[in-house]
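**Student:** After the structure tokens below, expect a handful of questions from me.
The values are calculated or read from the model by the stated rules, or taken from the named source; none is laboratory data. Here the structure is a predicted model, which is why all the values come from computation and not from measurement. Every residue, glycine among them, receives a Cβ derived from its backbone with ideal geometry; neighbour counts consider all protein chains shown.
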Amino acid sequence: MPLVVKESDLIDFKGSKILLVDDDRLNLKILCGMLKDGGFELAEADSAEAALVLYDKFKPDLVLLDVLLPGMSGFEACRELRKRHGAQTAPVIFITAKQEAESVVEGFNVGGVDYIMKPFRQKEVVARIGTHLEIRLLSEKQRTLVEQLSRANAAKNKFLGMAAHDLRNPLASIRGLSEFLRDGTVGELTPDQLELINLIHQASQNMVELVNDLLDVATIESGELRLALTPVPLMELIEKSVMLNAMEAVRKKTRILFTECAHAPVLALDAAKIRQVIDNLLSNAVKYSPPGSIVRVSLQPTPDGGHAIAVRDEGPGIPEGERDRLFKDFGRLSVLPTGGEKSTGLGLAICRKIIDAHHGTITADNLPARGCEFLVTLPKN
């Protein structure tokens, strides 16, 4: 569709293709006369059947379609066009002498965008055509922009994954070598040297965690997340996670208590991914709760036959006005970890994507007294 944006920002639709469909030759002649000065490329058909054939050859930018036609009606022709071409169908403006509400509604229901009433008024005809051609142009620009953004996002994810993958091995080596030095394998260190080595180890550990999170995000957003579903004893999975995180919680004199389910459900899950979610929720609960807190974990059946994992902490909760950041990439809140721990802002976003892939839900709500509850629901298999 050739067009030029003038200095006045008005769009010139010269060259736009319009298909005129009417069995009355006089109506076609009148419409052609009204549109001849607009620089449009026009094609004519005197029946719906002929219009359907001509549409594929002419590829119009807009269709003026009479409602009452011999054989197939205009409504039926519009429905057929939508069936064949879907969202790519050119806008259809119906031509009619009827003004009954039912007829108008039917036209919109079959996919029409507007009506032109007989007898024709040139200014109205030209204005309606211009409006819908502009809407079509803007829709095409929007679709092109979305496609460009999708390609750019895919390229970004590919680059992010490659960069993170290349960084992970040297960072893991730095962490391993710092542990080697810290343990005194190559000789005793002075207090100052030990402090520096501990700083190197902590910084490298933080970087490894960030790189792993970036790899997870790149994998998920590229559509390459593949779930390895196997029968998983959910309670045993939670118990292992609680045991591991309880060892880390001891440093803050925090306890993790697990309330077991009355029965041991076995669900088809990706055990490693669900374990990653539980570990993240427990780690966050310890991270944002004050030292000496109790983190409570429970597993309960849901009314629809699924199961819910609840993690309750004693932290400050979710600040008002910040809930929308919670499950977004790099969505950090204003509250800070109580022990100076680091946060990438990616953990909860990854959790949500993993749970979405399992067709479950993850939510967070502040508790009445203090703290927050994260609730993960997994559907029945």
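**Student:** Is it the case that the stretch 261-283 has a residue that's over 29 Å from LYS380 (Cβ atoms), small (Gly, Ala, Ser), in the same structural domain as LEU336 (by TED's automatic domain parsing) and within 31 Å of the chain's Cα centre (by Cα)?
**Tutor:** Filtering the stretch 261-283 down to residues over 29 Å from LYS380 (Cβ atoms) leaves none.
No, because not a single residue in the stretch 261-283 is over 29 Å from LYS380 (Cβ atoms), small (Gly, Ala, Ser), in the same structural domain as LEU336 (by TED's automatic domain parsing) and within 31 Å of the chain's Cα centre (by Cα).
**Student:** Let me ask another. Taking only the stretch 64-74 into account, find how many residues are more than 13 Å from ALA45 (Cα to Cα) and at pLDDT 95 or above.
**Tutor:** Residues flagged as more than 13 Å from ALA45 (Cα to Cα) and at pLDDT 95 or above within the stretch 64-74 amount to 0.
**Student:** For the stretch 338-363, which positions are among the hydroxyl-bearing types (Ser, Thr, Tyr), modelled with pLDDT under 90 and out of contact with any Pro (no Cβ under 8 Å at 6 or more places or on another chain)?
**Tutor:** Once the filter is applied, which keeps residues that are among the hydroxyl-bearing types (Ser, Thr, Tyr), modelled with pLDDT under 90 and out of contact with any Pro (no Cβ under 8 Å at 6 or more places or on another chain), the stretch 338-363 yields only THR344.
**Student:** If I ask for residues that are in contact (Cβ under 8 Å) with a residue 60 or more places away in the chain and touching a Leu at 6+ places or on another chain (Cβ under 7 Å), which ones from the stretch 138-162 would you list?
**Tutor:** Hit for the stretch 138-162 is GLY161, nothing else.
**Student:** Determine which member of the set ASP61, ASP46, ASP114 is among the acidic types (Asp, Glu) and in contact (Cβ under 8 Å) with a residue 40 or more places away in the chain.
**Tutor:** Details: ASP46 fails: in contact (Cβ under 8 Å) with a residue 40 or more places away in the chain; ASP114 fails: in contact (Cβ under 8 Å) with a residue 40 or more places away in the chain.
Residue meeting the stated conditions: ASP61.
The rows are residues; the columns are (1) surrounded by 14 or more Cβ atoms within 10 Å (Cβ to Cβ); (2) closer than 21 Å to ALA45 by Cβ; (3) at pLDDT 95 or above.
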{"position": "LYS83", "(1), (2), (3)": "no, yes, no"}
{"position": "GLN88", "(1), (2), (3)": "no, yes, no"}
{"position": "VAL104", "(1), (2), (3)": "yes, no, no"}
{"position": "PHE108", "(1), (2), (3)": "no, no, no"}
{"position": "PHE120", "(1), (2), (3)": "yes, yes, no"}
{"position": "VAL125", "(1), (2), (3)": "yes, yes, no"}
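**Student:** A further question follows. Which condition breaks for SER241 when tested against (1) hydroxyl-bearing (Ser, Thr, Tyr); (2) farther than 21 Å from LEU348 by Cα; (3) in the same structural domain as ALA285 (by TED's automatic domain parsing); (4) surrounded by 15 or more Cβ atoms within 10 Å (Cβ to Cβ)?
**Tutor:** All conditions are met except number (2).
**Student:** Among LEU138, LEU214, LEU194, which is the only one that is buried (at least 18 other Cβ atoms within 10 Å of the Cβ) and either touching a strand residue (DSSP E or B) at 6+ places or on another chain (Cβ under 9 Å) or part of a helix (DSSP H, G or I) (or both)?
**Tutor:** Numbers: LEU138 fails: buried (at least 18 other Cβ atoms within 10 Å of the Cβ); LEU194 fails: buried (at least 18 other Cβ atoms within 10 Å of the Cβ).
The match here is LEU214.
**Student:** As an exercise: evaluate ALA97 against (1) among the small types (Gly, Ala, Ser); (2) surrounded by fewer than 19 Cβ atoms within 10 Å (Cβ to Cβ); (3) touching a helix residue (DSSP H, G or I) at 6+ places or on another chain (Cβ under 9 Å) and give the number of the one condition it does not meet.
**Tutor:** The number of the failed condition is (3).
**Student:** I've got another one for you. Considering the stretch 264-305 alone, what residues qualify as being at pLDDT 90 or above, within 18 Å of LYS353 (Cα to Cα) and of a type in the set (A, V, I, L, M, F, W, C)?
**Tutor:** Within the stretch 264-305, ALA268, LEU269, ALA271, ILE274, VAL277, ILE278, LEU281, LEU282 meet the criteria.
**Student:** So, one more: Given the structure, is LYS29 closer than 20 Å to ASP66 by Cα, of a type outside the set (A, V, I, L, M, F, W, C) and either at pLDDT below 95 or not assigned by TED's automatic domain parsing to the domain that holds ILE95 (or both)? Working first, answer last.
**Tutor:** On the way: closer than 20 Å to ASP66 by Cα: yes; of a type outside the set (A, V, I, L, M, F, W, C): yes; either at pLDDT below 95 or not assigned by TED's automatic domain parsing to the domain that holds ILE95 (or both): yes.
So LYS29 passes the test.
**Student:** Picking from ILE294, ILE354, ILE318, which residue would you name as being surrounded by fewer than 21 Cβ atoms within 10 Å (Cβ to Cβ), more than 24 Å from HIS201 (Cα to Cα) and under 28 Å from the mean Cα position of the chain (by Cα)? So that I can check it myself, show each step before the final result.
**Tutor:** Working: ILE294 fails: under 28 Å from the mean Cα position of the chain (by Cα); ILE354 fails: surrounded by fewer than 21 Cβ atoms within 10 Å (Cβ to Cβ).
Result: ILE318 is the single residue among ILE294, ILE354, ILE318 that is surrounded by fewer than 21 Cβ atoms within 10 Å (Cβ to Cβ), more than 24 Å from HIS201 (Cα to Cα) and under 28 Å from the mean Cα position of the chain (by Cα).
**Student:** On to the next question. Which pairs have Cβ atoms under 7 Å, sit 6 or more apart or on different chains, and link a residue in the stretch 239-266 that is within 15 Å of ASP279 (Cβ to Cβ) to one that is part of a helix (DSSP H, G or I) and polar (S, T, N, Q)?
**Tutor:** Once the first residue is within 15 Å of ASP279 (Cβ to Cβ) and sits in the stretch 239-266, its partners that are part of a helix (DSSP H, G or I) and polar (S, T, N, Q) give ASN245/SER283; ILE256/ASN245.
**Student:** Just the residues that are closer than 20 Å to LYS353 by Cβ and in a loop (DSSP other than H, G, I, E, B), please, taken from the stretch 220-259.
**Tutor:** SER222, GLY223, GLU224, LEU225, ARG226, LEU227, ALA228, LEU229
**Student:** Looking only at strands (runs of 3 or more DSSP E) that lie completely in the stretch 19-128, which have at least 3 residues being within 23 Å of GLU140 (Cβ to Cβ)?
**Tutor:** Details: elements: 41-45, 62-66, 92-96, 114-117.
The strands (runs of 3 or more DSSP E) meeting that bar are 41-45, 62-66, 92-96.
**Student:** Still on this structure: Would you mind stating whether ASN153 is at pLDDT below 85 and either among the basic types (Lys, Arg) or surrounded by fewer than 16 Cβ atoms within 10 Å (Cβ to Cβ) (or both)?
**Tutor:** Working: at pLDDT below 85: yes; either among the basic types (Lys, Arg) or surrounded by fewer than 16 Cβ atoms within 10 Å (Cβ to Cβ) (or both): yes.
For ASN153, the condition - at pLDDT below 85 and either among the basic types (Lys, Arg) or surrounded by fewer than 16 Cβ atoms within 10 Å (Cβ to Cβ) (or both) - is met.
**Student:** Name the pairs whose Cβ atoms lie under 6 Å apart, with the first residue in the stretch 124-135 and not assigned by TED's automatic domain parsing to the domain that holds VAL113, the second assigned to a helix (DSSP H, G or I) and surrounded by 14 or more Cβ atoms within 10 Å (Cβ to Cβ), and 6 or more positions between them or separate chains?
**Tutor:** VAL125/MET34
**Student:** Another question, then. List pairs: first residue in the stretch 289-306 and closer than 14 Å to LEU267 by Cβ, second residue of a type in the set (Lys, Arg) and surrounded by fewer than 22 Cβ atoms within 10 Å (Cβ to Cβ) anywhere in the structure, Cβ distance under 8 angstrom, at least six positions apart or on different chains.
**Tutor:** As it stands, the answer is ASP304/LYS380; GLY305/LYS380; GLY306/LYS380, since those pairs meet every condition given.
**Student:** Let me ask something else about it. Can you name the condition, by its number, that ILE95 falls short on among (1) within 13 Å of MET34 (Cβ to Cβ); (2) not assigned by TED's automatic domain parsing to the domain that holds VAL21?
**Tutor:** It is condition (2) that ILE95 fails.
**Student:** Among residues belonging to the stretch 7-26 that are hydrophobic (A, V, I, L, M, F, W, C) and within 47 Å of the chain's Cα centre (by Cα), point out the one that is modelled with the lowest pLDDT. It would help to see each step written out before you state the result.
**Tutor:** Residues of the stretch 7-26 hydrophobic (A, V, I, L, M, F, W, C): 10-11, 13, 18-21, 26.
Cutting the leftovers down to within 47 Å of the chain's Cα centre (by Cα) gives us 10-11, 13, 18-21.
Working: LEU10: 41, ILE11: 56, PHE13: 77, ILE18: 94, LEU19: 95, LEU20: 96, VAL21: 95.
By that ranking, first place goes to LEU10.
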